[in-house]
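Step one of this worksheet: look at the structure below.
The values are calculated or read from the model by the stated rules, or taken from the named source; none is laboratory data. Just so it is clear, the model here is predicted, and its values are computed rather than measured. Because the Cβ atoms are built from the backbone with ideal geometry, glycine has one as well, and the counts that use them run over all protein chains shown.
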Amino acid sequence: MNDDDHIDRSKTTFEGGRREQLRRARAITFRQRLEALDELTDLSERIQAMRHKTGKASGKNERRDTHGGYSCSRKGHNGVF
């Protein structure tokens, strides 16, 4: 039997993926949600601290231009802020 025979193709669309995401979210308990939120908060704080420690708190896509504004090297942003 082929692996493709076990794939639920209804979950491979945006709508199907969203339904599956909601189904899984409803399946976890309130306590699990709070624990996940706590873990994500800790992770966010650690990443923020690392960025400040390495001097990259402003983000890697921004750089100071010579006129005092910020220019963005991200695709689709050509102006100075």
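Is it fair to say THR66 is of a type in the set (Ser, Thr, Tyr), at pLDDT below 65 and not in a strand (DSSP E or B)? Against the criterion (of a type in the set (Ser, Thr, Tyr), at pLDDT below 65 and not in a strand (DSSP E or B)), THR66 qualifies. Pairs meeting the criteria (first residue in region 1-12 and surrounded by fewer than 10 Cβ atoms within 10 Å (Cβ to Cβ), second residue outside any loop (DSSP other than H, G, I, E, B) and modelled with pLDDT of 60 or more, beta carbons under 9 Å, at least 6 apart or on different chains) are ASP8/GLY16; ASP8/GLU20; ARG9/GLY16.
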